[in-house]
1. Add +1 for every Lys or Arg and -1 for every Asp or Glu among the other residues with Cβ under 15 Å from the Cβ of Asp79, and state the total.
2. I need the semi-axes of the equivalent ellipsoid of the stretch 12-100: take the C-alpha gyration tensor, multiply each eigenvalue by 5, square-root it, list largest first in whole angstrom.
3. Probe of 1.4 angstrom, ligands and nucleic acids ignored: what's the accessible area per residue over the stretch 12-100, in square angstrom?
4. Let me know the charge dipole size of the stretch 12-100 about its Cα centre in debye, to the nearest 20, where only the beta-carbon of Lys, Arg (+1) and Asp, Glu (-1) is charged.
5. Whole-Hz ³J(HN,Hα) for each residue in the stretch 25-34, computed from phi via Karplus 6.51 cos²θ - 1.76 cosθ + 1.60 with θ = phi - 60°, x for glycine and proline: what do you get?
6. Please report the net charge: other residues with Cβ closer than 15 Å to the Cβ of Val32, K and R +1, D and E -1.
7. HN-Hα J couplings of the stretch 37-46 from phi, Karplus 6.51/-1.76/1.60, θ = phi - 60°, integer Hz, Gly and Pro as x?
Amino acid sequence: WDNADFSRGVGTTFYQEFSTLNTAKPPFVRDVEAKVRRYLRSSYSAAWTLKITWEKAPAYAAWTDTRKTITYQAVLTTDGFRSYVLMLYQDGGMQWDYTRLPSTNVLIGYT
């Protein structure tokens, strides 16, 4: 999310919080739990999950080109002891032309 540029009025960012410690879990949270279990081969039951979506986000600097956008999500989830982040990209992966970015040391994900 570091290099998205919404200054030209293109794209949207929104979020949804799921507190599921003592409540029924919606399908989205059950899907997140299934992904964590599958990827990490461990038991996992989410107590809290946050979904952040960047929809049709143009790359920085948007003043040069707002036609090439990307939709992606970060899903943060915890059971109170362990925490995870899922980075989800639209079909086809990252679509920004990284050769046009000010910095060429591009990283998808987090460190």
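The values are calculated or read from the model by the stated rules, or taken from the named source; none is laboratory data. Note that the coordinates shown come from a computational prediction; the quantities given were computed from them, not determined experimentally. Don't worry about glycine lacking a Cβ; one is built from the backbone with ideal geometry, like all the others, and counts go over all protein chains shown. Please note that ligands, DNA and RNA were not included when accessible areas were found on the heavy atoms of the full protein model with its side chains. Shrake-Rupley method; radii C 1.70, N 1.55, O 1.52, S 1.80 Å.
1. Values: positive: Lys25, Arg30, Lys35, Arg37, Arg82; negative: Glu33.
Once all neighbours under 15 Å are counted, the net charge is +4.
2. Details: eigenvalues 189, 38, 19 Å².
Semi-axes (√(5λ), whole Å): 31, 14, 10.
3. Values: 5600 Å² over 89 residues.
That works out to 63 Å² per residue.
4. Working: 12 positive and 8 negative charges, 47 e Å.
Magnitude of the dipole: close to 220 debye.
5. Values per residue, Gly and Pro as x: 8, x, x, 4, 5, 4, 5, 4, 4, 4 Hz.
6. Numbers: positive: Lys25, Arg30, Lys35, Arg37, Arg38, Lys51, Arg82; negative: Glu17, Asp31, Glu33, Asp79.
Surrounding charge for Val32 is +3.
7. My calculation for the stretch 37-46 gives 4, 5, 5, 9, 6, 9, 6, 7, 9, 5 Hz in order.
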